[in-house]
Protein chains: 2
Amino acid sequence: MTDRKEFRDLASPEEAHEIVASLDIAPKPETVPIDDCRGRVLAERVDAGIDVPGFDRASMDGYAVRAADTVGASERDPVVLPRVGTVHAGVEPDVSVEAGECVEISTGAVLPDGADAVVPVERTREADDGNGGIAFETAVAPGDSVMAAGADVAAGERALGPGTRITPREIGLLSALGVAEVPVRGTPTVGVVSTGDELVRPGEPLDHRAGEIHDVNSYTIAAAVEEAGGEAVLYPHAGDDYDELERQLRTAADDCDLVLSSGSTSASAVDVVYRVIEERGDLLLHGVSIKPGKPMLVGRLGGAAYVGLPGYPVSALTIFRTFVAPAIREAAGRPESERATVTGRLADGERYGQGRTRLMPVGLVADGAGETLVYPVDKGSGATTSLVDADGVVEVDADTDYLAAGERVTVELFSPDVRPPAVLCVGEDDPLFARALDGVREPRYLATGTRTGFRRLRDGLPDVVVASGPDEPDAATAELAAWTREWGLVVPAGNPADVSGLVDLADADVDFVNRTTASGLRATFDAALDEAGVDPAAIRGYERTVRAHESPARTVARGDADAGLALRASAAKLDLGFVSVGAERVRALANPDRADKAGVGALGDALTGLSGLVADLPGYEDA
Amino acid sequence: MTDRKEFRDLASPEEAHEIVASLDIAPKPETVPIDDCRGRVLAERVDAGIDVPGFDRASMDGYAVRAADTVGASERDPVVLPRVGTVHAGVEPDVSVEAGECVEISTGAVLPDGADAVVPVERTREADDGNGGIAFETAVAPGDSVMAAGADVAAGERALGPGTRITPREIGLLSALGVAEVPVRGTPTVGVVSTGDELVRPGEPLDHRAGEIHDVNSYTIAAAVEEAGGEAVLYPHAGDDYDELERQLRTAADDCDLVLSSGSTSASAVDVVYRVIEERGDLLLHGVSIKPGKPMLVGRLGGAAYVGLPGYPVSALTIFRTFVAPAIREAAGRPESERATVTGRLADGERYGQGRTRLMPVGLVADGAGETLVYPVDKGSGATTSLVDADGVVEVDADTDYLAAGERVTVELFSPDVRPPAVLCVGEDDPLFARALDGVREPRYLATGTRTGFRRLRDGLPDVVVASGPDEPDAATAELAAWTREWGLVVPAGNPADVSGLVDLADADVDFVNRTTASGLRATFDAALDEAGVDPAAIRGYERTVRAHESPARTVARGDADAGLALRASAAKLDLGFVSVGAERVRALANPDRADKAGVGALGDALTGLSGLVADLPGYEDA
């Protein structure tokens, strides 16, 4: 066994924040064209260099006059003035207004010399004087319908301060001031290096036998870097070629303000990082007292800052958001308002025993009263689905060992626009239900099985439970829709083992693959075995269970089993043989507390179109 | 006078919303690489095509065993098993685990055949058996420290639904599933054409005499298009060359899903738009009963939708946000959550007389109790500073003719991350104060003069009033800081008219330029004239007033006046001559109700550094 480094003297989360904040990753300010500055942050104060408008400007279509000439004018007794010319917007006036004269003027045009007001055209008419004179039906005061030079913003005035985030509105003011090149805070460049011999970029094939998996962290962390206002630079992943890792760390440190590596907190990768840091920088922190993510490294690599993130995606992203994103936002000058919190009640108790601060990923759902329920999402450190099943994180003190159901907690949302799902569905994994969700905005479907659905319903969590099989909920529910699905045994195409029914599984040379006990289909299967008098213990592989509805069929398809518990729809989709055993009813059951939720209504509407969905799925029928 | 089109039969805002929504501007879905999909919206459901993980995977560093072999193991009485090999992550196991054996295994590696659990290395030690055996100090159950194939997400499961906004978290799941090319909603292409002979792109020089102004709408609307999820295409502005406008509308209609023009609702431009619409499309709407923005056009131009926006920037952006942005967001599949509202109390009463729905731009400020005060921002339709002085819009019914002070209103924020300014300062335009604000996050400074500051203080609006001159506030205030500024007469360099003091302005051949009466400096000037026995009526140009502190000096600098009321600092900045008259005290006075506001504290801190600021400003002294 190689010498494994231990993480002693863990830093507290507060120390880790301070150390990361002390890394100066702010690049030099730069200048960008105005059509490329949206979302950037002003590096310096912008004072107005010109008056806006730069001249006394007509703000209506009408006639430029001397206000004194309109005294006493009314609709009944208009003042008639000869029109001595016309001024259009964008053209220098070739006429002035003397006492007793008027000049036609367009909105935006320069007020001609001599005039001090504009009378809107609606308050005038052509006079009957035969000379093209204009009859004024109202008196005006000096300055009426005129925007004076500098009235909007005057040269020398403070227009925008340093640190201002540039939105379309600031772009409007910068345009008005003629600022075509905008001084902005630099964008910190963040190199992303992921390590691990088992990693394969998405799009390339995986060798499952060699334990290959797709590289999740590179694109995820790169996207999170950009969300925080940095520019991500992806480096090819280094595998376990440590010379290569060393080269890439050095290159990234030369090119970037901050280098992030993930997965490099494993023992042997750490050696490489140590080596590079010893030669070229400082190690400032090794290990934080936090879960997930204890093995975090912080240091300097030459001119760049360095943070080593954990390898598991949820841990990597959580540590990134907690410690690194604030530093990137600060360097980019982005306001902290991008973080947002909500409070809610825990749907269920949760026990801890770590002695470390815990960042618990949680999902949210609005209960019938519109209050937010919070539930932990923990599918294990390696799970990537936790990323999308969670809405934010609850920070639990190192001293807290138990949070009770109903306790109020504060959730830091992943982003301010996170909202609880419109409808939270828990229960049986069913392809028809999954399709129905396509017609609903922002649903969430935790397809963890009928029994799990009923259990969470007891906690008051889901809006809707999807159920199949003989079990019934212990609470009252309202049926939104029901359908049947044909189930049986999936076998290789041509049914080479000649399986004809359940009895052929017992004491036979057939490797079977089952579903987990949370599945309603598994309960239906068990009941059918009982009725057929088949002893489960006589089925080879009865205890071999896989989680999702299509998993047994896929196991058979790749030759790892001779028969599996499946739906006709799965067998048909994968071009496998199918031995029908029966049909089971599937129901979408609403939590009565949530009957009025808009998302439940939308789901109900989507499910009224069942017949359309059923047509595409062999073995499905509208019940 | 050319024939002016009247806007009869105005549509209601609701009708306008419906008509714009009926324009189908959604482009075809497309496929983008995973490293370019952040912020996009999934066009279709993504089901898992593979199991994740694709194999039974060790989730800890340790030893792969048969769980049954560890029964009874404890620290005191460990079970010792011979180690028969090692499996690393990313490598196919070349060994299996038979009964009574163990295999060293790394996190992420494939569980070798025969094993059903992993014992973490921390719960083991090297045995003293001299054969390199491993002593297990704990018993484990089948599945412990193993993530089963498909446990994260199983092939065939629904992973992400259509309409999902892609954030780093979804990118994580897509990566895990190996989805390198992501099916997303298309980005609507929006052409932006602005018209008006007086418009000059920012960066090019303006001819003020010809009434030229910078083109504000092009970049502002383009940025707003991109904020809403569209792709903006800027077309060169057409001036009043209507053949050119016609050509550009046709080109834009060929290239884009939606064409926006601004300023083209003027009478003669409308003729062109009509002509193009008549030939190639339909006019669906002409005029909405709303202020600002009545003259809105909606129609079709061949395959593209068309919306004509008003020419004034605030009107154009307001109409865009209200009617057009929702259609772009819908087409891009962006969630509505990007709109956000707050409620607050009106700081002052507001009267209306329009008979049209009014979209009133408003600013926000938190009062001492943390409640939101709302105040109208209306600097006239042509003002671009209203864009940045406002935080959102209050929709006022056509039937409402009066909103009372204290009335509760709902403000639609310009974006969800808008927050009230940290500190709202109203009052004297002072360059030292403007510089001090550089040290404060998110301040707002309405430099409308001392008198305006005192008046708004009576309404309870500002956090801080900047005051100079002899006037005193009628309410109690807390002085944050005070300084003095030297003032006098700015004259051309070399003082050609040989002005030596106030008395030289009277009955002399000197064209003077004054400040507006709201200015504290003007009050100081008036008091000095009185003391010097100078009759204001004897000063040529006494009534000629300009608004900002630097404006008289700029007027003198460009030769439009012989002397002006100014600060020594302004004369020095512009290299002009200066005749000193006196020094006036400037004070930053906090609203006592707001003493505890963080922004007031931050401003107070910034002002304690006065001596540094004073050093850069000739004539300034720390008082």
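Restricting attention to segment B:124-158, the residues being touching a helix residue (DSSP H, G or I) at 6+ places or on another chain (Cβ under 6 Å) and hydrophobic (A, V, I, L, M, F, W, C) number 7.
Among residues of segment B:10-33 that are aromatic (F, W, Y), none has a beta-carbon under 7 Å from a residue that is at pLDDT 95 or above and open to solvent by 70 Å² or more (accessible area, probe 1.4 Å) at least six positions away or on a different chain. Pick from segment A:145-155 the residues that are open to solvent by 10 Å² or more (accessible area, probe 1.4 Å) and at the interface with another protein chain (Cβ under 7 Å from one of its Cβ atoms): which of them is nearest to A:T187 (Cα to Cα)? If we take residues in segment A:145-155 being open to solvent by 10 Å² or more (accessible area, probe 1.4 Å) and at the interface with another protein chain (Cβ under 7 Å from one of its Cβ atoms), then A:A151 is nearest to A:T187 (Cα to Cα). Apart from one condition, B:L576 fits all of (1) surrounded by fewer than 17 Cβ atoms within 10 Å (Cβ to Cβ); (2) touching a residue at least 24 places away in the same chain (Cβ under 8 Å); the exception is (1).
What residue, among those in segment B:222-233 that are in contact with a strand residue (DSSP E or B) (Cβ under 6 Å, 6 or more places away or on another chain) and within 7 Å of chain A (Cβ to nearest Cβ), is nearest to A:L174 (Cα to Cα)?
Restricting attention to segment B:222-233, the residues satisfying the condition of being in contact with a strand residue (DSSP E or B) (Cβ under 6 Å, 6 or more places away or on another chain) are B:222, B:225-226, B:230-233.
Okay, now just the ones that are also within 7 Å of chain A (Cβ to nearest Cβ), so B:222, B:226.
Details: B:A222: 14, B:E226: 17 Å.
Residue satisfying both the conditions and the ranking: B:A222.
Kindly indicate whether any position in segment A:174-196 is crowded, with 23+ Cβ neighbours inside 10 Å, among the acidic types (D, E) and either in a loop (DSSP other than H, G, I, E, B) or touching a strand residue (DSSP E or B) at 6+ places or on another chain (Cβ under 8 Å) (or both). No. In the set (1) in contact with a strand residue (DSSP E or B) (Cβ under 7 Å, 6 or more places away or on another chain); (2) within 14 Å of chain A (Cβ to nearest Cβ); (3) hydroxyl-bearing (S, T, Y), B:Y242 fails one condition alone, (1). The sole residue among A:V466, A:V409, A:V388, A:V393 that is assigned to a strand (DSSP E or B), open to solvent by less than 30 Å² (accessible area, probe 1.4 Å), within 13 Å of another protein chain (Cβ to nearest Cβ) and closer than 28 Å to B:S415 by Cα is A:V393.
Which residue out of A:V84, A:V79, A:V97, A:V103 is under 30 Å from B:A553 (Cα atoms), away from every other protein chain (no Cβ under 12 Å) and modelled with pLDDT of 95 or more?
Details: A:V84 fails: under 30 Å from B:A553 (Cα atoms); A:V79 fails: under 30 Å from B:A553 (Cα atoms); A:V103 fails: under 30 Å from B:A553 (Cα atoms).
Just one listed residue meets the conditions, A:V97.
Looking across segment A:240-261, the residues that are closer than 15 Å to A:L199 by Cα and either at pLDDT 90 or above or open to solvent by less than 10 Å² (accessible area, probe 1.4 Å) (or both) come down to A:L245, A:S261.
When every residue of segment B:520-536 is checked against the conditions, none turns out to be farther than 15 Å from B:G577 by Cα, of a type in the set (V, I, T) and within 14 Å of another protein chain (Cβ to nearest Cβ).
Of the set (1) within 34 Å of the chain's Cα centre (by Cα); (2) of a type in the set (S, T, Y); (3) under 21 Å from A:D116 (Cα atoms), all apply to B:Y542 but (1).
Just to check your reading of the model, which residue among B:A497, B:A508 is more than 14 Å from every other protein chain (Cβ to nearest Cβ), open to solvent by 40 Å² or more (accessible area, probe 1.4 Å), closer than 21 Å to B:G541 by Cα and modelled with pLDDT under 95? Please lay out each step first, then the result.
Working: B:A508 fails: open to solvent by 40 Å² or more (accessible area, probe 1.4 Å).
Just one listed residue meets the conditions, B:A497.
Looking across segment B:218-236, the residues that are of a type outside the set (A, V, I, L, M), closer than 19 Å to B:A26 by Cα and without any contact (Cβ under 8 Å) to a residue 60 or more places away in the chain come down to B:E226, B:E231.
Residues in segment A:182-204 that are in contact (Cβ under 8 Å) with a residue 12 or more places away in the chain and facing another protein chain (nearest Cβ under 7 Å): A:G196, A:D197, A:E198, A:P202.
Have a look at B:A21, B:A64, B:A16, B:A68 and point out the one that is away from chain A (no Cβ under 13 Å), buried (at least 18 other Cβ atoms within 10 Å of the Cβ), hydrophobic (A, V, I, L, M, F, W, C) and more than 30 Å from B:R169 (Cα to Cα). Spell out the reasoning first.
Details: B:A21 fails: buried (at least 18 other Cβ atoms within 10 Å of the Cβ); B:A64 fails: away from chain A (no Cβ under 13 Å); B:A68 fails: buried (at least 18 other Cβ atoms within 10 Å of the Cβ).
On inspection, the qualifying residue turns out to be B:A16.
Taking only segment B:74-96 into account, find how many residues are in contact with a helix residue (DSSP H, G or I) (Cβ under 9 Å, 6 or more places away or on another chain) and either more than 24 Å from A:L206 (Cα to Cα) or of a type in the set (F, W, Y) (or both). Result for segment B:74-96: 3.
The residues in segment A:566-580 that are in contact with a Leu (Cβ under 6 Å, 6 or more places away or on another chain) and either polar (S, T, N, Q) or farther than 18 Å from A:D429 by Cα (or both) can be counted, and the count is 1.
Give the residue that is farthest from the other protein chains (Cβ to nearest Cβ), with candidates limited to residues of segment A:115-137 that are in a loop (DSSP other than H, G, I, E, B), open to solvent by less than 60 Å² (accessible area, probe 1.4 Å) and of a type outside the set (A, V, I, L, M).
At the first step, the residues of segment A:115-137 found to be in a loop (DSSP other than H, G, I, E, B) are A:115-116, A:127-133, A:137.
Cutting the leftovers down to open to solvent by less than 60 Å² (accessible area, probe 1.4 Å) gives us A:115-116, A:127, A:132-133, A:137.
Those still in the list that are of a type outside the set (A, V, I, L, M) too: A:116, A:132-133, A:137.
Numbers: A:D116: 11, A:G132: 10, A:G133: 13, A:E137: 15 Å.
The extreme case among them is A:E137.
Considering only residues in segment A:476-494 that are more than 16 Å from A:V579 (Cα to Cα) and hydrophobic (A, V, I, L, M, F, W, C), the one that is most open to solvent (accessible area, probe 1.4 Å) turns out to be A:A476. Summed over segment A:553-568, residues that are open to solvent by 10 Å² or more (accessible area, probe 1.4 Å) and under 21 Å from A:V466 (Cα atoms) total 1. Is it the case that some residue within segment B:554-561 is part of a helix (DSSP H, G or I) and more than 12 Å from chain A (Cβ to nearest Cβ)? Yes: segment B:554-561 contains one or more residues that are part of a helix (DSSP H, G or I) and more than 12 Å from chain A (Cβ to nearest Cβ). Residues of segment B:357-385 that are of a type in the set (A, V, I, L, M, F, W, C), open to solvent by 10 Å² or more (accessible area, probe 1.4 Å) and outside any strand (DSSP E or B): B:A369, B:V377.
Quick check on segment A:205-221. Is at least one of its residues within 7 Å of chain B (Cβ to nearest Cβ), open to solvent by 20 Å² or more (accessible area, probe 1.4 Å) and part of a strand (DSSP E or B)?
Yes, because at least one residue in segment A:205-221 is within 7 Å of chain B (Cβ to nearest Cβ), open to solvent by 20 Å² or more (accessible area, probe 1.4 Å) and part of a strand (DSSP E or B).
If you go through segment A:423-453 and pick out every residue that is closer than 22 Å to A:M360 by Cα, more than 8 Å from chain B (Cβ to nearest Cβ) and either of a type in the set (K, R) or open to solvent by 10 Å² or more (accessible area, probe 1.4 Å) (or both), you end up with 4.
In segment B:497-507, is there at least one residue being hydrophobic (A, V, I, L, M, F, W, C), touching a residue at least 60 places away in the same chain (Cβ under 8 Å) and in a helix (DSSP H, G or I)?
yes
The values are calculated or read from the model by the stated rules, or taken from the named source; none is laboratory data. Note that the structure is a prediction, hence the values are computed from the model and not measured. Here Cβ is always computed from backbone atoms with ideal geometry, including for glycine, and neighbour counts include all displayed protein chains. Only protein heavy atoms, including side chains, enter the accessible area calculation; ligands, DNA and RNA are left aside. Shrake-Rupley method; radii C 1.70, N 1.55, O 1.52, S 1.80 Å.
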